[in-house]
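Visitor: Pasting a structure below so you can have a look.
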Amino acid sequence: MFRLLTLFRSYLGARRRLLQLRGAGLARFQHQRARAIVAHAMRHAPFYRAHFAGHDPADWPSLPTVDRIAMMAYFDTFNTHGICRADALRVAWRGERSRDAAPTLGDRK
């Protein structure tokens, strides 16, 4: 019963937000979420602290972008969970070979 109530509450909240988030409201919401994501990345990923140094994180549209090559080259400091690239690749390849998407790295997926 608790799960059903939680699901129903989530549905109603999502429906209310969908109806409210249009035009300027949607732009404000996206701006707030983008700023929160940038702040989280800078707090938890050394890569982003260095990559965004000298830039105003509040002006997120002007921040330098990251491509896949840079992401993979700096993976160990790029991710926010401190997972090293070698371990992540080992788990990913094991999952690919076994066709099991459930392998985890420690307590993280």
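Visitor: Name the residues in region 9-53 that are among the hydrophobic types (A, V, I, L, M, F, W, C) and either touching an Asp or Glu at 6+ places or on another chain (Cβ under 8 Å) or not in a helix (DSSP H, G or I) (or both), would you? Give the derivation first.
Guide: Here is the first cut: in region 9-53, the residues among the hydrophobic types (A, V, I, L, M, F, W, C) are 12, 14, 18-19, 21, 24, 26-27, 29, 34, 36-39, 41-42, 45, 47, 50, 52-53.
Across region 9-53, the qualifying residues are LEU21, ALA45, PHE52, ALA53.
Visitor: When residues of region 76-85 are filtered for being open to solvent by 70 Å² or more (accessible area, probe 1.4 Å) and free of Cβ contacts under 8 Å to residues at least 24 places away in the same chain, how many remain?
Guide: Final tally of qualifying residues: 2.
Visitor: When region 1-49 is examined, which residues are found to be more than 15 Å from the chain's Cα centre (by Cα) and of a type in the set (S, T, N, Q)?
Guide: Answer for region 1-49, where residues must be more than 15 Å from the chain's Cα centre (by Cα) and of a type in the set (S, T, N, Q): THR6, SER10, GLN20.
Visitor: Looking only at region 86-103, which residues are open to solvent by less than 40 Å² (accessible area, probe 1.4 Å) and out of contact with any Lys or Arg (no Cβ under 6 Å at 6 or more places or on another chain)?
Guide: ALA88, VAL91, GLY95
Visitor: Another one. How about region 57-109: which of its residues are aromatic (Phe, Trp, Tyr) and either touching a strand residue (DSSP E or B) at 6+ places or on another chain (Cβ under 7 Å) or under 25 Å from HIS31 (Cα atoms) (or both)?
Guide: Those that are aromatic (Phe, Trp, Tyr) and either touching a strand residue (DSSP E or B) at 6+ places or on another chain (Cβ under 7 Å) or under 25 Å from HIS31 (Cα atoms) (or both): TRP60, PHE78.
Visitor: Testing MET71 on (1) under 29 Å from ALA34 (Cα atoms); (2) in a helix (DSSP H, G or I); (3) open to solvent by 70 Å² or more (accessible area, probe 1.4 Å), one condition comes back false. Which one is that?
Guide: With respect to (1) under 29 Å from ALA34 (Cα atoms); (2) in a helix (DSSP H, G or I); (3) open to solvent by 70 Å² or more (accessible area, probe 1.4 Å), MET71 is out only on (3).
Visitor: Please indicate, with yes or no, whether at least one residue in region 22-45 is among the polar types (S, T, N, Q) and surrounded by 11 or more Cβ atoms within 10 Å (Cβ to Cβ). Break it down into steps so the answer makes sense when it comes.
Guide: First, pick out the residues of region 22-45 that are among the polar types (S, T, N, Q): 30, 32.
Cutting the leftovers down to surrounded by 11 or more Cβ atoms within 10 Å (Cβ to Cβ) gives us 30.
Checked region 22-45: at least one residue is among the polar types (S, T, N, Q) and surrounded by 11 or more Cβ atoms within 10 Å (Cβ to Cβ).
The values are calculated or read from the model by the stated rules, or taken from the named source; none is laboratory data. Keep in mind that this is a model prediction, so the values were computed, not measured. Every residue, glycine as well, gets a Cβ built from its backbone with ideal geometry; the counts of neighbours run over all protein chains shown. Areas reflect the complete protein model, heavy atoms only, side chains present, ligands, DNA and RNA absent. Shrake-Rupley method; radii C 1.70, N 1.55, O 1.52, S 1.80 Å.
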